[in-house]
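A.B. asks: Got a structure for you, questions after.
The values are calculated or read from the model by the stated rules, or taken from the named source; none is laboratory data. The model shown is predicted, which means the values in this text are computed figures rather than measured ones. Backbone-built Cβ (ideal geometry, glycine too); neighbour counts: all protein chains shown.
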Amino acid sequence: MVTPMKVTKLLHTRYRVDDLEKTVRFYRDILGLKEIRRHKSPRGSELVFLETPNSEELIEICNYPSSGPVVVQPDLTHLAFEVESLEAFGRHLAAHGLKYSDGPTLKPDGSGFAFVDAPEGYEIELMQRAQGTVPQVSKPAGPADER
């Protein structure tokens, strides 16, 4: 009898970029992520691992020039982060010379979402919970986003 196998945990999500430092600055300075590790892989790629508050999964930013230039297809993938206020985060973006690329779109219950473009063209979704709801901490994501 074959014993069923399964994965045990999602460890990280990787995004390959051309400009490693510009991308790391965006995730650190704009989104508030923390760089926890940086190294060169045995195959020569430069890797930076970023930690998000209240989440176990890491984000790996990779620069691997020998793979050729990065071409991000529109609307193919995105990362979603929770924020306390889309309005306040919009002001934070403006203070850094950035703006939402889509939204914010708010629902009657106060929940909503907006998108901002990260360097290289990856989309970042920012989500605001409905007023009075308890934030999730290290739990699987809920239903798919509205987009």
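A.B. asks: Any chance the range 55-72 includes a residue that's in contact with a Pro (Cβ under 8 Å, 6 or more places away or on another chain) and in contact (Cβ under 8 Å) with a residue 12 or more places away in the chain?
C.D. replies: Within the range 55-72, none of the residues are in contact with a Pro (Cβ under 8 Å, 6 or more places away or on another chain) and in contact (Cβ under 8 Å) with a residue 12 or more places away in the chain.
A.B. asks: Within the group Val48, Val2, Val24, which residue is of a type outside the set (S, T, N, Q), modelled with pLDDT under 95 and not assigned by TED's automatic domain parsing to the domain that holds Asp109?
C.D. replies: Criteria check complete, one pass: Val2.
A.B. asks: While we're on this one: Would you check which residues across the range 73-97 are in contact with a helix residue (DSSP H, G or I) (Cβ under 9 Å, 6 or more places away or on another chain) and free of Cβ contacts under 8 Å to residues at least 40 places away in the same chain and list them?
C.D. replies: The answer is Gln73, and nothing else.
A.B. asks: Just name the residue that is farthest from the chain's Cα centre (by Cα) out of those in the range 28-49 that are hydrophobic (A, V, I, L, M, F, W, C) and outside any strand (DSSP E or B).
C.D. replies: Ile30
A.B. asks: Surrounded by 11 or more Cβ atoms within 10 Å (Cβ to Cβ), in contact (Cβ under 8 Å) with a residue 60 or more places away in the chain and either out of contact with any strand residue (DSSP E or B) (no Cβ under 6 Å at 6 or more places or on another chain) or not assigned by TED's automatic domain parsing to the domain that holds Asp117 (or both): is that true of Ile30 in this structure?
C.D. replies: Judged against the criteria, Ile30 is a match.
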